[in-house]
Amino acid sequence: MDISFDIYNDKGDQIRVALSYYDTESLQAFTSDPLTLTLVFYDVALVRVVGEEPVGVKTLMAICDVLFKFMNDNDTAVLCFYCDDLTEVPRNHKNLMPQEYRSRLFSCMFDMYVKANGISNIINYGIKIEDNNIPRFAHFITQEKYLPAVKLLGNIIMEK
């Protein structure tokens, strides 16, 4: 199941939140852990459709609203964010690589949202992947009860 949601702000920016399902066969290439294979993993892409300036906190919180509602409606869902450097991202901190900036921004967004909403059962598990001396970052958003299975998968990915 692939789905998307569009978020608009008062400046006219449009951000598309796209969720793409990973099929179980793809996961079996990484693990045979039975608990991990009962989870439903979704790749999350945030795509700027309109706008060029950094988005504000209000827009980031609207993105979180959509994602956390999806998590609440789909108990076994695990959201996966991959922070790459394929496209430039408008950012205030030019000394950070785009992928590290995306990773830090994502963690700040997540931390602010869970604190503001008193959420304690959903966890952001981040990993750093070294790829030819270029760091890549990924985040798994999961129910706390599934964290051991997600950590297992994350550790396998970091080793490959």
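The values are calculated or read from the model by the stated rules, or taken from the named source; none is laboratory data. Computed from a predicted structure; not experimentally measured. Here the Cβ is made from the backbone with ideal geometry for all residues, glycine too, and neighbour counts use every protein chain on show. Calculation scope for accessible area: heavy atoms of the full protein, side chains included, ligands and nucleic acids excluded. Shrake-Rupley method; radii C 1.70, N 1.55, O 1.52, S 1.80 Å.
Between Tyr82, Tyr101, Tyr22, the residue with the greatest mean-square fluctuation in the GNM of the chain (Cα pairs under 10 Å linked by springs) is Tyr22.
Helix 57-73 and the long axis of the chain differ in direction by around 30°, with both axes built from C-alpha atoms. Dipole size of the stretch 3-158 about its Cα centre, with +1 on Lys/Arg Cβ and -1 on Asp/Glu Cβ: approximately 420 debye, rounded to the nearest 20. Pairs exceeding a 25 Å alpha-carbon distance, out of Lys115/Lys151; Lys11/Lys128; Lys58/Lys115; Lys58/Lys128: Lys11/Lys128; Lys58/Lys128. Given the whole protein assembly as supplied and a 1.4 Å probe, what does the accessible area of Leu105 come to in Å², nearest 10? The accessible area comes out at roughly 60 Å². Residues Ser20, Ser4, ordered by accessible area of protein heavy atoms at a 1.4 angstrom probe radius and largest first, appear as Ser4, Ser20.
For the stretch 3-158, what Kirkwood radius comes out of the mean inverse Cα-Cα distance, in Å? List each step's numbers first, then the result.
Numbers: mean 1/r = 0.0612 Å⁻¹.
After inverting the mean inverse Cα-Cα distance, the result is 16.3 Å.
What the stretch 3-158 shows is 54 Å² of accessible area per residue, with the surface traced by a 1.4 Å probe over protein heavy atoms. Sequentially through the stretch 103-111, phi angles give Karplus couplings (6.51, -1.76, 1.60; θ = phi - 60°) of 5, 5, 4, 4, 4, 4, 4, 4, 4 Hz, Gly and Pro residues having no value and appearing as x.
Let me check against my output: what whole-number percent is the relative contact order of the stretch 3-158, with C-alpha pairs under 8 Å and at least 6 apart? Walk me through the numbers on the way to the answer.
Working: 228 pairs, mean separation 33.5, N = 156.
Relative CO of the stretch 3-158 lands at 21 percent.
Surface calculation, 1.4 Å probe, protein heavy atoms: Lys128 sits at approximately 110 Å² accessible.
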